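No lab work stands behind these numbers, since they all come straight from the coordinates. Every value quoted in this text rests on a predicted model; they were computed, and no experiment measured them. Positions of Cβ are backbone-derived with ideal geometry, glycine not excepted, and every protein chain shown enters the neighbour counts.
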Amino acid sequence: MLIDRASGKSPSPLLDEIELPTPLNEVDPLDLLPRGVADRVRAAQRDARMLRNRLILGKTPSPLIERPRASTGAVVSLPRKTPNMSRQLEVVDVVRETHDSVSIYLTEADGSALEFRPGQFLSVDVVIEGERLRRAYSLASACLPGVPVHITVKRIQDGRVSNYLNDTIAVGDRLAVLGPSGNFTVEPRAVNARDLLMVAGGSGITPIMSILETVLRVESGSRVTLIYGNRSWDDVIFRDRLEALRHELGGRLLVDHVLERPPEWWTGEQGLLSREVLESRLQALNVEDDGMLRYFICGPTPMMDAAHEALQQRGVEANRIAEERFTSPEARSGEAGSGKTELVLISMGGHEQGIQVEAGQTILEAALAAGIDMPFSCAMGGCGACRVRQTDGDIRMEEPNCLSRAEREAGYLLTCVGRPLTQAKIEVED
């Protein structure tokens, strides 16, 4: 200390830098024994505690072992658990739209309004006969302050969830949902003055209706032409709502119905929305493409393909066409994988974890079952929330899904519809 002071140094005034002896009451007596003896004594103590808990207190240990987060490069096996990321919405009204479709009006559980963007959807979870099922349903209401928010569900053949909701949903029920999510949307601005052409088939009107009404009410200088195909006049969802809106807005909304089985008094277009019918309607409606016209299409896959063909024939660039494809989980084969269990390595946050994807499982299903907190929303390939980058191996996705051609070429895939054909690696980006 004298030498340090002579050279200009002085001791630290902080006492916590001085290493003090451990207090006797904090010393474990077993640490004074040889290590092997101490380990055997600690094991005996643990066994005694377990017997006491089981026989006297009636407690049983958890079957799951909590494991530390893996270090970089490590592969760990995680406990299986059932994820539950949904929240509850309150059903405040139920309106029958047609004989096979129903609108379900919803608020947040605290009574506040549900926030969304026009054209987005909710992923709805229901439990039927003990099985949790998830389906995506579009929000069909205008995205405006004070407008009641609803999804509209059309009954489909063998559709377990759509039939369940049509038959049983009631005011006061609660629905477990994820979202809203989805990129089939617009950002309405009062200064806009644009022309939009929309093609809808059947229940494909639901997101179209939200976009259509929101744009027309916010953008007083914009106009919308809607070509809408249905089986019959009684199958037209929002028929009265569209007519009332057309009368209110005058020439800013043009609605053109196409019916497969029209009534006797019908004078409009008949048939399916095929390419030929769409081309005929575009000509009859004097739709001219000035290079700025934007298109929104939603409906059954054959109608979507026909619309793309008709627009391509007219020279419409793909980047001016927005689409939403409805898919039925009941129609999915689940046979896109290799047919056997495959190892998939998941790189996320600087760590790597391995999961076993069983035959028939998607990567998302296997990851969530293993307790990995993977991003997802609709779980149906429609929103892109579960997008990851494939870095190795061979993975096949079920079609259709929402990934663009550019995203596929960049190596992206959707885990909710992706199944490995070989051992593979994926990267979850921040």
Exercise. What FRET efficiency do you get for Leu285 and Asn319 if R0 is 25 Å and r is their Cβ-Cβ distance, rounded to the nearest 0.05?
Worked result: 0.60
Problem set entry | Förster radius 30 Å - calculated FRET efficiency between Arg96 and Arg132, Cβ distance, rounded to 0.05 | 0.70
Problem set entry | Full-stretch length increase - Thr267, Glu108 - with 0.36 nm per residue and alpha-carbon distance subtracted | 52.8 nm
Exercise. How far, in nm, would the chain grow between His351 and Ile372 when pulled straight, counting 0.36 nm per residue and subtracting the alpha carbon separation?
Worked result: 6.4 nm
For this session: Give me the distance in nm between label points sitting 7 Å out from Cα along the Cα-to-Cβ direction at Glu407 and Asn183, one decimal.
Result: 0.4
For this session: Report the label-to-label distance for Val191 and Glu260 in nanometres (one decimal), using points 7 Å from each Cα along the Cα→Cβ vector.
Result: 4.5
For this session: Pick out, from Gly221, Gly299, Ala310, the residue whose Cα sits farthest towards the positive end of the charge dipole of region 195-330, with +1 on the Cβ of Lys and Arg and -1 on the Cβ of Asp and Glu.
Result: Gly221
Exercise. Scattering from the C-alpha atoms of region 376-430 alone, worked out with Debye: what is log10 I(q)/I(0) at q = 0.12, 0.14, 0.15, 0.22 1/Å?
Worked result: -0.22, -0.31, -0.35, -0.78
For this session: Sort largest first and round to whole Å: the equivalent ellipsoid semi-axes of region 187-271, each the square root of five times a Cα gyration tensor eigenvalue.
Result: 25, 12, 10
